[in-house]
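Q: Please see the structure below; I have some questions.
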Amino acid sequence: MSLLLILAGAALVCIAMFNRVPRLLPVDLPEPGTADRSGRVAAPPQRARSGAQGLRLAFVPARLTETGRAVLTTFGGSVLIAAFFLALSGA
């Protein structure tokens, strides 16, 4: 339980510190056999896909206000403190 609280608190504090959140964005994959701008040819896909679309992880701005950052830092820090004492108690 304390490990989950540590992960949640650390995630909240990181969002507040860096003002970025992870998001999965779609990526259009090139068709097999087509050349890109550098003249290289794309390798054939491992398995046939319909639509040829993939996902990538990108860190996008969270657009937090100063108050929002303060709330996330406070709440995340409180969760980390609670996790620390929960781990000390052995629960």
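Q: Would you say Thr65 is under 26 Å from Leu3 (Cβ atoms), at pLDDT 60 or above and not hydrophobic (A, V, I, L, M, F, W, C)?
A: Spelling it out, it is not the case that Thr65 is under 26 Å from Leu3 (Cβ atoms), at pLDDT 60 or above and not hydrophobic (A, V, I, L, M, F, W, C).
Q: Then there's this: Restricting region 1-46 to residues that are in a strand (DSSP E or B) and modelled with pLDDT of 90 or more, which is nearest to the chain's Cα centre (by Cα)? Please lay out each step first, then the result.
A: As a first pass, look at region 1-46 and keep what is in a strand (DSSP E or B): 20-28, 35, 41.
Now narrow it down to the ones that are modelled with pLDDT of 90 or more: 20-24.
On the way: Arg20: 9, Val21: 6, Pro22: 3, Arg23: 6, Leu24: 8 Å.
Among them, the one singled out is Pro22.
The values are calculated or read from the model by the stated rules, or taken from the named source; none is laboratory data. Quick caveat: nothing in here was measured; it's all calculated off a predicted structure. Using ideal geometry, Cβ is built from the backbone for each residue, glycine included, and neighbour counts are taken over all protein chains shown.
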